[in-house]
Amino acid sequence: GVFYEVVQGFPRVEENVQVDSYVSSHRWRRHSESLKSVDTNRASMGQDSSEPGGFTDLLLEEGHDNTTQIEEDTDHNYYTSRTYGPYDSTSRDLWVNIDQMEKDKVKIHGILSNTHRQAARVNLSFDFPFYGHFLREITVATGGFIYTGEVVHRMLTATQYIAPLMANFDPSVSRNSTVRYFDNGTALVVQWDHVHLQDNYNLGSFTFQATLLNDGRIIFGYKEIPVAVTQISSTNHPVKVGLSDAFVVVHRIQQIPNVRRRTIYEYHRVELQMSKITNLSAVEMIPLPTCLQFTSCGPCVTAQIGFNCSWCSKLQRCSSGFDRHRQDWVDSGCPEESKDKICEKNIDTTETPPYSTTTLLPTTTRFRVLTTTRGSTTSHLPTSLPTEDDTKIALHLKDNGASTDDSAAEKKGGTLHAGLIVGILVLVLIVAAAILVTVYMYHHPTSAASLFFIEVR
């Protein structure tokens with residue numbers, strides 16, 4: 001497997017990780033040459049595109065067709081992605097020139113810039129919406145991606161990532177390689193500067209960035225891509241471009257005290273087309289509405305956003321049942337409550353959510369599973385190649401909770417344990433009764449019971 005070390009000072013890292021995955025999806029695309037240009041008021045404000053040595057120095061020669069071509073992929077369910085080619089002016093608008101930002105806000109991470117397969121925590125100055133959840137901390141990795149999960153483990157490449165270009169990058173092989181980030185209060189920009197592939201240094205250096213905006217948009221910008229991304233080897237490290245999110249389920253193991261097994265189910269993934277990632281290209285991902293945005297029952301159960309939204313009165317939360325709050329949703333009995341689809345009071349339709357008229361394809365649920373165990377001293381590493389995160393199929397994750405063979409064994413073990421305790425209690429009561437009868441007859445020799453036992457004897 002691909003393991004990442006974590007910078008000192010980080011919370012305890014889960015050592016024992018097993019990745020099980022199952023992915024199935026169909027994708028369709030729609031091409032358009034004259035779509036309306038999107039808002040260009042972005043984090044790149046203050047950029048001077050005419051600066052020598054800047055982004056525009058890499059522009060292709062004049063005379064090429066500058067027709068705007070946008071590839072819009074609507075099969076993401078949670079995001080709509082738009083890919084802009086090298087001849088599109090929007091690509092330049094989306095690129096953030098960190099060199100022109102306030103120097104005191106641009107930070108070069110010394111450890112990440114000089115190590116391989118290392119990750120470090122970065123705090124955000126704003127709430128960043130990711131799949132409907134608000135994040136204040138992320139983990140930047142040298143391998144060209146950002147980890148967004150709360151449960152920290154060593155196989156960060158498996159799930160819960162924002163990957164402009166995940167590959168086997170090693171900033172330590174070149175003095176010019178750096179990992180920088182910039183936070184202006186409304187956007188965070190992470191840039192991998194002049195990084196090389198460890199297993200193929202001669203391919204050249206890569207420069208790209210990921211921008212996270214406070215409105216939930218995610219922008220991938222590519223300044224220097226020396227070779228086709230499809231040619232990058234995935235033998236020693238996964239190669240991915242896109243997003244992923246997952247939820248965590250904690251299982252108690254009764255046979256082993258103080259041990260918890262954490263299983264991470266990847267409920268959605270965005271896979272961008274790698275052949276579109278070239279010099280001067282850009283990708284913008286716009287978040288679509290989720291059930292989590294609704295704060296009352298009426299708008300939740302009547303929402304027409306492509307998800308089967310349900311309201312849980314105990315948690316006062318709207319959800320499809322598949323998000324990072326999955327454990328609370330199941331533990332609180334929300335799946336049973338959600339079957340009724342009835343609010344306690346009259347349905348209030350005055351709160352009209354934004355995007356309520358948006359029509360999406362039905363959500364296809366797919367899972368990848370990553371399991372961590374606390375308290376265990378043995379390590380079980382995956383035997384498959386890093387690019388084949390598929391070793392087992394996740395077992396029937398139903399709406400009433402995650403059902404696995406382990407959980408069935410736990411229930412059986414719990415029944416046997418309870419039966420043993422009852423048997424011991426009955427035996428203790430019999431012995432205590434016998435002792436009490438003996439003491440009574442000793443102190444009352446003329447009692448009927450004593451005379452009975454004397455006659456029998």
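Within 10 Å, count the other beta carbons around each residue, average over each peptide in 227-238, 274-285, 419-430, 138-149, and list them highest first.
Per-residue Cβ counts within 10 Å, averaged per peptide and sorted highest first, yield 138-149, 274-285, 227-238, 419-430.
With charges only on Cβ, +1 for K and R and -1 for D and E, what is the dipole size of the stretch 293-338 about its Cα centre, in debye, rounded to 20?
For the stretch 293-338, the charge dipole is close to 120 debye.
Counting only heavy atoms of the protein chains, get the accessible area per residue of the stretch 74-288 (1.4 Å probe) and round it to a whole Å² value.
33
In whole Hz, what ³J(HN,Hα) sequence does the stretch 107-119 give by Karplus (6.51, -1.76, 1.60; θ = phi - 60°), x for Gly and Pro?
Working through the residues one at a time gives 10, 9, 7, x, 6, 5, 6, 9, 9, 10, 6, 10, 9 Hz.
At 0.36 nm per residue, and after removing the present C-alpha to C-alpha distance, how many nm does the segment from ILE430 to ASN176 gain when stretched out fully?
In short, 83.3 nm is gained.
The values are calculated or read from the model by the stated rules, or taken from the named source; none is laboratory data. These numbers come from a predicted model, not from an experiment. Virtual Cβ from ideal backbone geometry, glycine too; neighbours counted across all protein chains shown. What goes into the accessible areas is simple: the full protein's heavy atoms, side chains included, and nothing from ligands, DNA or RNA. Shrake-Rupley method; radii C 1.70, N 1.55, O 1.52, S 1.80 Å.
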